[in-house]
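What follows draws every value from the coordinates through simple rules; no lab data is involved. These numbers were taken from a predicted model, which means no experiment stands behind them. No Cβ is skipped: glycine too gets one built from the backbone with ideal geometry, and neighbour counts run over all protein chains shown.
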């Protein structure tokens, strides 16, 4: 297990003075990326082998939102593998070691040319300990509430596709602002189903769910590219 420290900066907060959901998500993903690189499987290493990382699914449970300039620590550890996915677990705590959020992420190694998943690496020190339930498998849907979005240059990652954090930003931009500014205890599930190349247009849909939250789905070229759900806990 490794720990990574962060301080919440002004551009990571909203007008409530608390960290935004997309900003906290990016902190968690950055911690996982650092951990993977430390273990010798960084993006730069895989690129030389014609491979790359892609996030398949994730689940995050939040119990509190840190405020501006709060110092936090993010723990990262390997949860072994399941099928073609590597499990990477995270847990964020404040200066008093009180839990802020916890999560499970599932990553695939893809062939850069064919985009096909490759068998997972053998990882030392993996544990079956999971901080929360595994990511849910979400069903695609369409609703009357629709928004067209573009995978612009600044929204795309090193693979030349829409960055996984940008899907979440687009989801949050469709949720009523008052909910986003007051939300603290929630569970987020995201499934990434299809890559969206830079410059492409996609359709975003949102709908209320039975858990006092919202479901989200993005379509690209007639197929679901991302499904997500946020629920109050």
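Just one of [x] 0.98; [y] 1.38; [z] 1.16 is Cα Rg over 2.2 N^0.38 Å as worked out from the coordinates here. Which one is it?
[x]
Of the beta bridges DSSP finds with both residues in the stretch 88-158, what % are antiparallel, to the nearest 5?
Of all bridge pairs located within the stretch 88-158, approximately 100 percent are antiparallel.
Mean-square fluctuation check for the chain, GNM, Cα pairs under 10 Å: which of 129, 155, 71 is largest?
Of 129, 155, 71, the Gaussian network model singles out 129 as fluctuating most.
For the stretch 1-37 and the stretch 170-233, compute the distance between their C-alpha centroids and round to whole Å.
The stretch 1-37 and the stretch 170-233 have Cα centres separated by 19 Å.
Looking only at 60, 74, 149, which one moves most when the chain is put into a Gaussian network model with springs between Cα atoms under 10 Å?
149
Which whole-number percent is the relative contact order of the stretch 145-209 (Cα, under 8 Å, 6+ apart)?
That works out to 62 percent.
Under the definition of Cα pairs under 8 Å and six or more residues apart, what whole-number percent is the relative contact order of the chain?
Value for the chain: 20 percent.
Given contacts defined as C-alpha pairs under 8 Å and at least six residues apart, what's the relative contact order of the stretch 107-184, whole-number percent?
Relative contact order of the stretch 107-184: 11 percent.
Can you list the residues of the stretch 82-114 with backbone N under 16 Å from a point 7 Å past the Cα of residue 63, pointing along Cα to Cβ?
90-104
Based on other C-beta atoms within 10 Å, arrange 20, 105, 148 from fewest to most.
Neighbour counts put them in this order, fewest first: 148, 20, 105.
Using 0.36 nm per residue, how much length does the chain from residue 174 to residue 7 gain when fully extended, once their Cα-Cα distance is taken away?
That works out to 57.4 nm of additional length.
Considering the chain as a Gaussian network with a 10 Å cut-off on Cα pairs, which listed residue, 21, 201, 168, attains the greatest mean-square fluctuation?
Of 21, 201, 168, the most mobile in the Gaussian network model is 201.
As an exercise, use a Förster radius of 25 Å and the Cβ-Cβ distance of residue 198 and residue 148 to find the FRET efficiency, rounded to the nearest 0.05. Each step should come with its number before you reach the end.
Details: r = 16 Å, r/R0 = 0.64.
Computed FRET efficiency for residue 198 and residue 148 comes out at 0.95.
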